[in-house]
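Step one of this worksheet: look at the structure below.
Read the figures in this text as sums done on the coordinates, not as results from a lab. Predicted model, so just to flag it, every value in this text is computed and none were measured. Positions of Cβ are generated from backbone atoms using ideal geometry, with glycine treated the same way; all protein chains shown enter the neighbour counts.
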Ligand code: SP5
Ligand code: ZN
């Protein structure tokens, strides 16, 4: 399987994020993508491909041009406004209750992007845990090119290809960044496939978190079916979307399927949800599936609560490929660094119908204690 990778992600050099107001070591760090790259390289069955520049048009096909412009200038604005911070995070968010009693028309005309960079970050941002640094825009643009080059490989005849996207994308909505995500790589890929083929496309999102951005972008669309298995938003980020009764509206009615699972979910229950998700994808026409692939469902993940094993990832990859559709597989989250490479290798080998033999774990690596 070909792997699309660019070192441009290294420019998004993150060391600290905030969690409920306190600085904590960052989860979405550059080392993640490097560990995956190394594991696939060592495997030997994953030739690397360099992404090509696809320009801005496929991004503004799904995102507000205002979001693109803000992300492009955010760091230079922070410097120009002499806000001395290691990373940009918002001051104030426009909580919807701020406008209670005001009409949609009034809110639409009165609420606008402010000049202060902390207000601008609140205007375009979802949360305070998506740090933005000097190289974030460059890296986020490169992640989109990785996703679109992966699409090119599959539309060019490959049955499956993997894009090592970083930063991830599925929390980014049409006009909003957040959740470590800036541009929605999977949504941009799905839109590009629809435009190139005229076919319907399915997105299968198996990151631990609900892909609120992907759901929002395609909410009223009849041509992109979004199917997500994730932690119940009652208990976990992004909290305000991801429930089972969110089914889409208009042309998109019935095209959105959320399968929220309880904290602590293990392999057997998760695989039942996978079969349900795959049935929903098989029920609609189309020949390509975009996979939002996250490993924060892993038993040892520092921010997830699920208990999945490496063996389960191989099986999920195998079952997904068994649908017989072409697969555009794009990396989302997954924060337990010692296991990331092996879990990716297991999933991708499953998706190619190849066996998976775990590599012996290094001393002090707790992976095999759980994953067997
Ligand atoms: C792409 C992706 O996986 N984004 C996830 C964004 C999650 N942001 C909130 C992180 C909250 C961390 N909670 C830590 C709880 C530790 N017990
Ligand atoms: Zn996640």
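Numbers below:
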| read-out | value |
| --- | --- |
| 10 Å-binned pair-distance histogram of segment 5-93 (Cα, whole percent) | 12, 30, 37, 19, 3 |
| Cα long-axis angle, helix 310-321 against the chain (0 to 90 degrees, to the nearest 10) | 90 |
| Segment residue 52-residue 197, length gained on full extension (0.36 nm per residue, minus Cα span) | 50.2 nm |
| Segments 91-98, 170-177, 192-199, 157-164 sorted - mean Cβ within 10 Å per residue, highest first | 170-177, 157-164, 192-199, 91-98 |
| Relative contact order (%) - criterion: Cα under 8 Å, at least six apart; region: segment 1-118 | 23 |
| With Cα atoms, 0 to 90° folded angle of helix 267-282 axis to the chain main axis | 80 |
| Along principal axes, Cα extents of the chain, largest first, whole Å | 57, 48, 40 |
| C-alpha long axis of helix 337-351 to longest principal axis of the chain, angle in ° | 60 |
| Per-peptide average of other Cβ atoms within 10 Å, ordering 296-309, 255-268, 203-216 highest first | 203-216, 296-309, 255-268 |
| Convex hull volume of segment 21-66 per residue (C-alpha atoms, cubic angstrom) | 146 |
| Computed Kirkwood radius, in angstrom, where 1/r is averaged over Cα pairs of segment 101-230 | 16.0 |
| Kirkwood-Stokes translational diffusion coefficient of segment 194-335, alpha-carbon pairs, 4 °C, 1.567 mPa s, µm²/s | 86 |
| Mean Cβ neighbour count within 10 Å, used as a protection proxy, ranking 67-77, 282-292, 42-52, 145-155 highest first | 145-155, 282-292, 67-77, 42-52 |
| For segment 248-304, average projected area of the Cα convex hull in nm² | 5.0 |
| For segment 29-140, Kirkwood radius (reciprocal of mean inverse C-alpha pair distance, Å) | 17.0 |
| Packing-based exposure ordering (other Cβ within 10 Å, fewest first) of 165, 181 | 181, 165 |
| Descending principal axes extents, segment 163-275, alpha-carbon based, whole Å | 40, 29, 25 |
| Residues of segment 50-78 with amide N under 17 Å of a point placed 7 Å along Cα→Cβ from residue 134 | 72-78 |
